[in-house]
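Shown next, in structure tokens, is the structure this report addresses.
The values are calculated or read from the model by the stated rules, or taken from the named source; none is laboratory data. Just so we're clear, the structure is a prediction, and the values are computed from it rather than from any experiment. Heads up, the Cβs are rebuilt from the backbone with ideal geometry, glycines too, and the neighbour counts pull from every protein chain shown.
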Amino acid sequence: MATRTINHKLRTIELKFEDGKPETDYEQMLVKAYVAMHDQIAALMPVPEKLKYLYTEHDDHVTETENDFLPVEEGIGNLFTELSSLLIQKDEDEIAAFYDRVQDYYPNIEEFQKQLDGLSSESDDLEEQHKAYSDDDEKLSADFEKYHHETCGELYHNYDNYSLDLVSYDQDEQEFRGLFSTLGKADDAYSDLRNEVIDHYNEVISRIKASYDKWDEMKKMLSNYYDDQHLLDNSQSESYAEGTGDPASKPLYLIQPGDKRIKEFRNQFGLFANSRNKTMVINIPVETVNAMDTGMLEEIVLVLQHFPKMIDKMLFAIELAFSDEDGMRLPDDEWKGFEAPMRWCRQLSRVPCLLFFLSDEHARSFFLFGDLANDEKIKPEFHKGEPVLKLEGEMLQEACNRLGEACWFFHVFCHNTGFDPQPYIEAILADFDFPITYEQIREKFEADLKKGIHVGLGPVK
């Protein structure tokens with residue numbers, strides 16, 4: 001018998017071959033596959049220890065986050081207790097001052113949230129690494145079972161036909177199987193540690209969630225206090241979220257009932273719902289304009305479908321406040337007629353009915369025609385220092401189409417909400433004085449409704 005020694009990094013493989021018998025292609029394939037099984041388990045051997053180290057490091061970050069959350073948790077708790085007392089006293093000045101302090105406290109939560117997001121991302125990354133290791137471990141077991149029963153089966157059944165000595169191979173494979181036991185012990189130690197870290201992580205996240213829930217409840221309490229006309233009633237939407245609403249009377253929701261953004265709106269906009277407030281000022285930083293980011297304002301309007309009593313208050317009530325790099329509000333003559341703000345206003349037309357919520361007549365014009373003015377398809381003329389867009393011919397037809405689309409969409413937006421859009425559509429048509437009537441809008445809407453109108457949100461390219 002001749003002994004063949006293969007020095008693998010995991011162990012020394014020793015196989016005996018019978019003298020005088022030529023080595024067949026099958027035997028060469030078998031030895032190659034046997035070495036490959038060693039390679040496969042060698043790749044997994046260091047992983048449990050590596051993951052143990054990463055999870056230990058992660059647990060340190062969990063503890064750090066837990067400690068950093070303590071002042072935030074205490075701050076939210078104190079604010080909640082104070083508000084509960086103020087609402088009993090109903091001192092308007094004190095509550096107004098408290099509202100300002102709540103706004104001032106936001107940066108504390110936002111700063112902590114960055115840390116929490118980092119921890120969450122780290123947790124997700126570790127989970128992906130764990131899954132990859134588990135998948136590879138399962139594959140190793142499956143591959144070895146297949147190797148032993150299929151690849152080695154010929155040697156065990158017809159060993160007389162081969163020079164490879166079955167006894168020597170079987171002894172070597174039994175030693176090789178010991179590597180599985182070694183890997184298993186390492187995996188058990190890693191799994192125990194991982195479970196402890198995950199339990200710790202979940203415990204901390206649960207505490208943070210409880211505190212965040214208290215913060216949301218506090219915002220809701222403030223919102224309810226200021227909502228003196230009960231405009232933030234979304235019972236209709238909730239009936240569909242709960243499955244009790246009449247399907248035949250369901251509005252054509254763009255954001256589906258039960259969406260978390262509805263609750264967020266409910267908790268944040270009580271102050272504007274107050275009867276003393278008439279205008280909602282939205283600050284638009286220059287970086288938002290340059291990025292053509294209109295998502296926040298679009299979302300506010302889309303969520304309004306779920307608060308039909310708020311629609312009337314919000315109509316022509318959103319004031320755009322463009323600001324420069326230093327956060328200073330730009331006067332009208334420094335943004336009206338300028339390309340970037342006009343294109344930004346035109347970008348808002350992704351939600352066509354948003355036209356009805358803008359307070360400034362020039363912003364509404366830019367909403368409809370800002371791109372045409374920038375592309376010099378129409379040119380603004382100035383009367384008493386105010387830019388006026390002159391439309392005629394093909395551009396007038398395009399303008400009519402765009403205005404008609406916005407009015408039609410507003411009908412879709414209000415359908416079955418209980419809010420009647422007719423007087424507002426008539427008002428904006430009169431404001432622009434285009435050759436288009438409310439009757440035309442209504443007729444098209446009703447015809448499309450019979451055919452079936454399907455609306456929804458999609459990704460923006």
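If I filter region 30-42 for residues that are assigned by TED's automatic domain parsing to the domain that holds GLU175, in a helix (DSSP H, G or I) and among the hydroxyl-bearing types (Ser, Thr, Tyr), do I get at least one hit? Walk me through how you get there before you give the answer.
First, the residues of region 30-42 that are assigned by TED's automatic domain parsing to the domain that holds GLU175: none.
No, every residue in region 30-42 fails to be assigned by TED's automatic domain parsing to the domain that holds GLU175, in a helix (DSSP H, G or I) and among the hydroxyl-bearing types (Ser, Thr, Tyr).
Anything in region 142-160 that is in contact (Cβ under 8 Å) with a residue 24 or more places away in the chain and part of a helix (DSSP H, G or I)? List them, or say none.
Looking only at region 142-160, we keep the residues that are in contact (Cβ under 8 Å) with a residue 24 or more places away in the chain, and these are 143-144, 147-148, 151-152, 154-155.
ASP143, PHE144, TYR147, HIS148, THR151, GLU154, LEU155, listed by residue number.
Out of PHE17, PHE80, I need the residue that is surrounded by fewer than 17 Cβ atoms within 10 Å (Cβ to Cβ) and touching a Lys or Arg at 6+ places or on another chain (Cβ under 7 Å). Which one? Reasoning before the result, please.
Working: PHE17 fails: surrounded by fewer than 17 Cβ atoms within 10 Å (Cβ to Cβ).
On inspection, the qualifying residue turns out to be PHE80.
Just to be sure, is ARG101 assigned by TED's automatic domain parsing to the domain that holds HIS157, free of Cβ contacts under 8 Å to residues at least 40 places away in the same chain and on the phi < 0 side of the Ramachandran plot? Explain how you work it out, then say what you get.
On the way: assigned by TED's automatic domain parsing to the domain that holds HIS157: yes; free of Cβ contacts under 8 Å to residues at least 40 places away in the same chain: yes; on the phi < 0 side of the Ramachandran plot: yes.
In short, yes.
Across region 282-300, what is the total count of residues that are of a type outside the set (S, T, N, Q) and in a strand (DSSP E or B)?
So in region 282-300, the residues of a type outside the set (S, T, N, Q) come out as 282, 284-287, 289, 291-293, 295-300.
Then drop every residue that is not in a strand (DSSP E or B), which leaves 282, 284-285.
Matching residues across region 282-300 total 3.
Report, by residue number, each residue of region 161-182 that is assigned to a helix (DSSP H, G or I) and aliphatic (A, V, I, L, M). Give the steps one after another, and end with the answer.
Residues of region 161-182 assigned to a helix (DSSP H, G or I): 161, 166-182.
LEU166, VAL167, LEU179 - these are the residues of region 161-182 that are assigned to a helix (DSSP H, G or I) and aliphatic (A, V, I, L, M).
Restricting to region 327-370, name every residue that is in a loop (DSSP other than H, G, I, E, B) and either modelled with pLDDT of 90 or more or not assigned by TED's automatic domain parsing to the domain that holds ILE428 (or both). First the steps, then the outcome.
Of the residues in region 327-370, the ones in a loop (DSSP other than H, G, I, E, B) are 327-328, 330-331, 335-338, 351, 359-360.
Across region 327-370, the qualifying residues are MET328, LEU330, PRO331, TRP335, VAL351, SER359, ASP360.
Would you confirm, using the coordinates I've provided, whether TYR55 is under 26 Å from ASP192 (Cβ atoms), aromatic (Phe, Trp, Tyr) and in a helix (DSSP H, G or I)?
Values: under 26 Å from ASP192 (Cβ atoms): yes; aromatic (Phe, Trp, Tyr): yes; in a helix (DSSP H, G or I): yes.
Here the answer is yes, as TYR55 does meet what is asked.
Please go through (1) at pLDDT 90 or above; (2) part of a loop (DSSP other than H, G, I, E, B); (3) under 30 Å from ASP259 (Cα atoms) for ILE436 and return the number of the only condition it doesn't satisfy.
(3)
Only residues that are within 18 Å of MET292 (Cβ to Cβ) and of a type in the set (A, V, I, L, M): list them for region 319-354, please.
Within region 319-354, LEU320, ALA321, LEU330, ALA340, MET342, LEU348, VAL351, LEU354 meet the criteria.
Restricting to region 206-246, name every residue that is of a type in the set (S, T, N, Q), under 26 Å from ARG101 (Cβ atoms) and in a helix (DSSP H, G or I).
Initial filter on region 206-246 (of a type in the set (S, T, N, Q)): 206, 211, 223-224, 229, 234-237, 239, 244.
Filter once more, so that each one left must be under 26 Å from ARG101 (Cβ atoms): 211, 223-224, 229.
Within region 206-246, SER211, SER223, ASN224 qualify.
Can you tell me which of ARG343, ARG350, ARG266 is in contact with a helix residue (DSSP H, G or I) (Cβ under 7 Å, 6 or more places away or on another chain), of a type in the set (D, E, K, R) and crowded, with 20+ Cβ neighbours inside 10 Å?
On the way: ARG343 fails: crowded, with 20+ Cβ neighbours inside 10 Å; ARG350 fails: crowded, with 20+ Cβ neighbours inside 10 Å.
Only one candidate passes the filter, namely ARG266.
Please work out if ASP324 is over 26 Å from the mean Cα position of the chain (by Cα), surrounded by fewer than 17 Cβ atoms within 10 Å (Cβ to Cβ) and within 21 Å of ILE425 (Cβ to Cβ). Let's see the steps before the verdict.
Working: over 26 Å from the mean Cα position of the chain (by Cα): yes; surrounded by fewer than 17 Cβ atoms within 10 Å (Cβ to Cβ): yes; within 21 Å of ILE425 (Cβ to Cβ): no.
It is false that ASP324 is over 26 Å from the mean Cα position of the chain (by Cα), surrounded by fewer than 17 Cβ atoms within 10 Å (Cβ to Cβ) and within 21 Å of ILE425 (Cβ to Cβ).
Which of the residues belonging to region 264-281 are in contact with a strand residue (DSSP E or B) (Cβ under 6 Å, 6 or more places away or on another chain) and not in a loop (DSSP other than H, G, I, E, B)?
Correct list: PHE272, MET280, VAL281.
Could you check how many residues of region 94-140 are more than 25 Å from the chain's Cα centre (by Cα) and modelled with pLDDT of 95 or more?
8
Given the criteria within 17 Å of VAL455 (Cβ to Cβ), surrounded by 17 or more Cβ atoms within 10 Å (Cβ to Cβ) and of a type in the set (A, V, I, L, M, F, W, C), does LEU271 qualify?
Numbers: within 17 Å of VAL455 (Cβ to Cβ): no; surrounded by 17 or more Cβ atoms within 10 Å (Cβ to Cβ): yes; of a type in the set (A, V, I, L, M, F, W, C): yes.
Spelling it out, it is not the case that LEU271 is within 17 Å of VAL455 (Cβ to Cβ), surrounded by 17 or more Cβ atoms within 10 Å (Cβ to Cβ) and of a type in the set (A, V, I, L, M, F, W, C).
Looking at LEU79, LEU15, LEU10, which is the one that is part of a helix (DSSP H, G or I) and of a type in the set (A, V, I, L, M)? Outline the logic, then answer.
Values: LEU15 fails: part of a helix (DSSP H, G or I); LEU10 fails: part of a helix (DSSP H, G or I).
Of LEU79, LEU15, LEU10, the one residue that is part of a helix (DSSP H, G or I) and of a type in the set (A, V, I, L, M) is LEU79.
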